[in-house]
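So the structure is just underneath, and the comments pick up after that.
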Amino acid sequence: MLRAVLLDFNGVLVDDEAIHGELIQRVLAEEGIELSGERYRELFAGRDERSALSRILAEEGRPAGPAEVMGLVARKARGYQEVARRQGFTFYPGALELVEGAARQGLMLGLVSGALREEIVQALHQASLRPYFKVMVTAEDVREGKPSPEAYLLALDLLNGQPPLPERLLHPHEVLAVEDSPAGVEAAGQAGLATLAVASVYTQTELGAADLRVASLADLDPDRLQELFAEASRR
């Protein structure tokens, strides 16, 4: 039985992957490092920026400590906030309706993302979605980003331990993770969750490790979500 849904943020709810890519490329260009779109997609999509930036710098022969890496993350974050203030956030078709419908059905909801908390909260407030999410795990809350399962395991602990407490303990097999990247699918799978992948950034073939795949959240409603989860549980 499906009791909770954990969603990624970028690429699942908010259509901003191109903005993140452009800003990361700009920050690295200011450091004299050229990053192709293909390389960005390989290293950053679905992963936390700290580890991806550390890897890029090391590959360029410029290994950096945590302070330098966080400085780059902060510069990119300032750029993102400027874009958000100027043009707002674009939510994928069906995203708002799915969240609201799932909440009406009594499902517990959470966000598990490699994005910064401030960015997520700003977007949720814009769409009046913040009250629907019981838990939120962001880049600041974990040591290792996806594909490590750390963020999903923390989200499960918070769903069980953060008021209002569930009537009975929530188990991983009662939770569905909605992701858009191979790294996210791997992270949720390692945490023991069924996974539904949305082909917004990667193709459905590239997301083949997911239990379930859809082209768009517009194809879903809470009843269909329940049906898909039941289908995955029988496998």
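Just one of (1) buried (at least 18 other Cβ atoms within 10 Å of the Cβ); (2) at pLDDT below 95; (3) of a type outside the set (K, R); (4) more than 24 Å from A183 (Cβ to Cβ) fails for A103. It is (2). Would you say A210 is closer than 23 Å to I120 by Cα and out of contact with any Phe, Trp or Tyr (no Cβ under 9 Å at 6 or more places or on another chain)? No, not satisfied. Of the residues A199, A177, A191, A210, the single one that is surrounded by fewer than 22 Cβ atoms within 10 Å (Cβ to Cβ), under 14 Å from D8 (Cβ atoms) and assigned by TED's automatic domain parsing to the domain that holds F133 is A199.
Among all positions in region 121-130, there is at least one residue which is β-branched (V, I, T), within 20 Å of D15 (Cα to Cα) and modelled with pLDDT under 95. In this structure, L170 does not satisfy being among the hydrophobic types (A, V, I, L, M, F, W, C) and under 28 Å from I19 (Cβ atoms). The set of residues from region 213-235 being touching a residue at least 60 places away in the same chain (Cβ under 8 Å), surrounded by 15 or more Cβ atoms within 10 Å (Cβ to Cβ) and among the hydrophobic types (A, V, I, L, M, F, W, C) comprises L217, L220, L225, F229.
A single member of R130, R117 is free of Cβ contacts under 8 Å to residues at least 12 places away in the same chain and among the basic types (K, R), and it is R130.
Of the residues that sit in region 134-148 and are assigned to a helix (DSSP H, G or I) and modelled with pLDDT under 95, which one is farthest from R50 (Cα to Cα)? Top of the filtered list is E140. Within region 52-61, being of a type outside the set (A, V, I, L, M) and surrounded by fewer than 17 Cβ atoms within 10 Å (Cβ to Cβ) holds for R55, E59, E60, G61. Among the residues of region 111-131, none is identified as surrounded by 21 or more Cβ atoms within 10 Å (Cβ to Cβ) and more than 21 Å from E17 (Cβ to Cβ). Within the set A84, A64, the sole residue that is modelled with pLDDT under 90, surrounded by 15 or more Cβ atoms within 10 Å (Cβ to Cβ) and out of contact with any Leu (no Cβ under 9 Å at 6 or more places or on another chain) turns out to be A84. Within region 82-118, the set of residues being in contact with a Ser or Thr (Cβ under 9 Å, 6 or more places away or on another chain) and outside any helix (DSSP H, G or I) comprises Y92, P93, G94, L111, V112, S113, G114, A115, L116. Restricting attention to region 163-174, the residues that are surrounded by 14 or more Cβ atoms within 10 Å (Cβ to Cβ) and either closer than 13 Å to L109 by Cα or of a type in the set (K, R) (or both) add up to 3. Scanning region 149-187 for residues that are outside any helix (DSSP H, G or I) and either at pLDDT below 95 or more than 19 Å from the chain's Cα centre (by Cα) (or both) yields Q162, P163, P164, L165, P166, E167, R168, L169, L170, H171, D180, S181.
The values are calculated or read from the model by the stated rules, or taken from the named source; none is laboratory data. These numbers were taken from a predicted model, which means no experiment stands behind them. Note that we place each Cβ from the backbone using ideal geometry, even for glycine, and neighbour counts take in every protein chain shown.
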